[in-house]
Amino acid sequence: MSETTRVMRSDAARTVRAILEAAERVLSKNPAASMEQIAEAAGVARTTVHRRFASREALVDAMAAWATRKFAEAVESAHPESTPPLVALYQVTASVLKVKSDWGFAMSRALSDDPEVARVHADVEERCDRLFRRAQAAGVLRADVDTGWARRVYYALIHEAAQSRDAEPDALATRVVDTLLRGVGTGQGL
């Protein structure tokens, strides 16, 4: 590959990223925003957006795919298979909350019919299940806890924390993990 080709590809990648990031900012504030508004926010011509994305739907699908890759990278960066379970749980939570904070609009559309998006989410779910089983074996989760149920509750806590936006991802991660592990009750039964 020639240097000129490499530079052109690099420029194209930067343009696509600028469009995706601008689309996230614009659409998270106004889901009905036009492609022209997105182009303006990205600092490119409307024709550039249309050249890269044939339709608004194609742009939103690309955003969902981009956010899904960021989501998978966030989970991977915590090394959930090798880091001690409690540390991994916190690190995964903080990293995922950062992605959900930065890419909230796109992540809300990441359950598309795109097979790659579905594959990534299935992989992350399996990794989370393994982390929860490791946490259970290490005594972080009680032995009688249904780890599948715990994972679904954990996902719900992450979703709610990402929606609140009332704290930084690290503080929200602490809140989520603390709520998951300790709950909100006093320990008194029914």
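The values are calculated or read from the model by the stated rules, or taken from the named source; none is laboratory data. Bear in mind the structure is a predicted one, so any value in this text is a computation, not a measurement. Here Cβ is always computed from backbone atoms with ideal geometry, including for glycine, and neighbour counts include all displayed protein chains. Calculation scope for accessible area: heavy atoms of the full protein, side chains included, ligands and nucleic acids excluded. Shrake-Rupley method; radii C 1.70, N 1.55, O 1.52, S 1.80 Å.
Overview of values
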read-out	value
Accessible area (Å², per residue) of the range 121-190, counting only protein heavy atoms and a probe of 1.4 Å	65
Rounded if a/c under 1.5, otherwise prolate or oblate - the range 1-107, Cα gyration tensor axes	oblate
Within the accessible area of the chain (1.4 Å probe), percent carbon and sulfur	53
Alpha carbon Rg of the chain, scaled by the compact-globule rule 2.2 N^0.38 Å	1.20
Two-decimal Rg/Rh across the range 129-190, once Rg and the Kirkwood Rh are taken from alpha-carbon atoms	1.00
Size of charge dipole - the chain - debye, nearest 20, with Cβ of Lys, Arg +1 and Asp, Glu -1, no other charges	160
Sequence ranges 68-76, 137-145, ranked by mean other-Cβ count within 10 angstrom, highest first	68-76, 137-145
Expected 222 nm ellipticity per residue - DSSP helices of 4 or more, -39500 (n - 2.57), all of the chain, to 500	-24500 deg cm²/dmol
Unit charges at the beta carbon, dipole of the chain: most positive-side option, 155, 83, 50	50
Taking the range 1-147 and dividing mean pair separation by its residue count, relative contact order in percent (alpha carbons under 8 Å, at least six apart)	21
FRET efficiency estimate (nearest 0.05) - Cβ-Cβ, residue 163 to residue 34, R0 22 angstrom	0.30
Formal net charge of residues neighbouring residue 107 (Cβ-Cβ distance under 11 Å; K, R +1; D, E -1)	+1
For the range 74-142: rounded, prolate or oblate by the Cα gyration tensor [a/c cutoff 1.5]	prolate
Probe 1.4 Å, accessible area per residue of the range 1-98, Å²	54
